[in-house]
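The values are calculated or read from the model by the stated rules, or taken from the named source; none is laboratory data. For clarity, every value in this text was computed on a predicted model and none was experimentally measured. Don't worry about glycine lacking a Cβ; one is built from the backbone with ideal geometry, like all the others, and counts go over all protein chains shown. Note: accessible area is taken over every heavy atom of the protein model, side chains too, but ligands, DNA and RNA are not part of it. Shrake-Rupley method; radii C 1.70, N 1.55, O 1.52, S 1.80 Å.
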Amino acid sequence: MLLGIWAGKLTQLILKLLGRRGTSFPGFVALKVSPKLLAKLGKQLESCVVVTGTNGKTTTVSLLREILKQDTERTWISNAEGANMTQGIVGSLIQSCTWWGKLKVSHALLEVDEATMPQVIPYLPVSHVVITNIFRDQLDRYGEVDGTIQKLTRALRGTSLHIVANADDPLVHYVAQQTQCPVTYYSMEPHSKILRSHNQIRDGAFCLYCGHELEYAYFHYGQMGHYQCPNCGFQTPDAAVHGMPQQEGLEVSFATERFLLRTDIRGLYNKYNVLAATTAAWLQGLSIQQIQNGIASYRPTQGRMQVFAGVPVRILNLIKNPTGCNSVLQTIDEDPGTKVVCIAINDMDADGRDVSWLWDSDFETYAPALQAETWICSGTRAGDMAVRLKYAGISADRIRVEPDLRKAHDLAIQNRHLPVYFMTTYTALFPMQQIIEEGLRHETLHPDRASVS
Ligand SMILES: [Zn+2]
């Protein structure tokens, strides 16, 4: 085991000397040397909380981390953003252990990719698994939703761990039932912005027990809502924890308690993440005061409605699948007034080579209503994005194509009066963040210059 840890730690050191960051590659090297490293390190942990699901894993983990920090009796480690496959998890554990292989912490809070769950769950002392939602992700990486459901069920069935599940997602509900584990459900109550019907792609439109079409009293977004199968009776389960979106944050109720979590987190999908983190924290024994303090101290992670103050204000968002893309468009739509939207689509391995998911995203509903003065399409698939917008009814004179990220950014901020919303796929996210930060630094140094060149 020590050889693996040394290999991993040396790789980390070399990367650090080269000015590179990352935990996945050191983890990969360590596992090559000691394939059973996860099991060996996992044995040293007292307990572990896992967050999985298609969207919202990173935000839910970040929120939960802030809440758990309020409990000074326990120390937690968690994996770096996106390092949610076996090698990333091992890399993060190695970072927190000594050269002699001893972990410096006793608890772990981990974001785990849905497809990686079967390789991870058996080797860690997991007490709770949070399942946020199940949507279609990039097809070329994981196959259909059915595959995800099978992998999650296989990883969890027969274990004694406790599941924290989104009651409003029929797919998550089905998985939770199939595992036969104890489950605590959370649910969002109907509010002013619920949809009575909608035409977004719904992965869970049909009952997984009998194949009959589900009937909905209302939708929140995607297949999330209040559902019932008229044929077999499968329906939204009773939830222990309820959320109600408010202007100032999220009102939460459980048992006889009802309280407000103050947060400026935007978007209904993010309020679901707040609800998931709150439910998990409550099950971990945190007090309402600790939960409130933790949520209040949370700052958005990279690319999740990440706001860069400046002139103009810039807001950066990661998009990677249809539902996530729809949620971001829906949130941009909540911002009244004219704006500029810059979408950067890459098709590297980490983005998913197949960009056909752009056609499953509901640009028809949101794009024309967004009041975007200009749409700037960037990245290696800038042309595909422009075609997609044209089909969604955006007139060609409002679409600009600029594959180069830096030039696209400069074009986007040209009109200094309009806020700019950036939407990027995974491999364009970090470069765009750097470009934005450089631009802001330059503007602070040279406030007289109208734009960065
Ligand atoms: Zn049914």
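Summary of computed values
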| quantity | calculated |
| --- | --- |
| Relative contact order of the chain, defined on C-alpha pairs under 8 angstrom at six or more residues apart (%) | 13 |
| Rounded, prolate or oblate (a/c below 1.5 giving rounded, otherwise prolate when a/b exceeds b/c) for the chain by Cα gyration tensor | oblate |
| Long pairs among Lys339/Lys390; Lys320/Lys390; Lys32/Lys69; Lys36/Lys104; Lys9/Lys104; Lys104/Lys151, criterion Cα-Cα beyond 24 Å | Lys32/Lys69; Lys104/Lys151 |
| For Glu111, distant residues with modelled amide H under 5 Å away | Val51, Asn79 |
| Accessible surface of the chain, 1.4 Å probe, proportion on carbon and sulfur as whole % | 51 |
| Å² per residue, accessible surface of the chain at 1.4 Å | 42 |
| Additional length obtainable on full extension of the chain from Ser106 to Arg406, 0.36 nm per residue less Cα span | 103.6 nm |
| The stretch 253-411: C-alpha gyration tensor shape, a/c 1.5 cut-off, then a/b vs b/c | prolate |
| Antiparallel %, DSSP beta bridges [both residues in the chain], to 5 | 35 |
| In nm, spacing of pseudo-spin labels at Gln371 and Gln302 (7 Å Cα→C-beta vector) | 3.2 |
| Probe 1.4 Å - accessible area at Trp359, Å² to nearest ten | 120 |
| Segments 422-428, 32-38 sorted - mean Cβ within 10 Å per residue, highest first | 422-428, 32-38 |
| Exposure rank, largest accessible area first [Cys377, Cys232; 1.4 Å] | Cys232, Cys377 |
| DSSP-defined antiparallel bridges as percent of all bridges, the stretch 63-182, nearest 5 | 10 |
| Estimated inter-spin distance, Ser96 and Glu73, nm [label 7 Å along Cα→Cβ] | 1.8 |
| Spatial separation of Cα centroids for the stretch 12-35 and the stretch 212-286, in angstrom | 39 |
| Anisotropy class of the stretch 325-453 from Cα gyration tensor, a/c 1.5 cut | oblate |
| Residues in the stretch 361-378 reached by a label modelled at Ala396 [backbone nitrogen below 17 Å; 7 Å Cα→Cβ] | 375-377 |
| Per-residue ³J(HN,Hα) for the stretch 310-319, Karplus 6.51 cos²θ - 1.76 cosθ + 1.60, θ = phi - 60°, Hz, x for Gly and Pro | x, 10, x, 5, 10, 10, 9, 9, 7, 10 |
| Ellipticity estimate at 222 nm from DSSP helix runs (n ≥ 4, -39,500 (n - 2.57)) divided over the chain, nearest 500 | -11000 deg cm²/dmol |
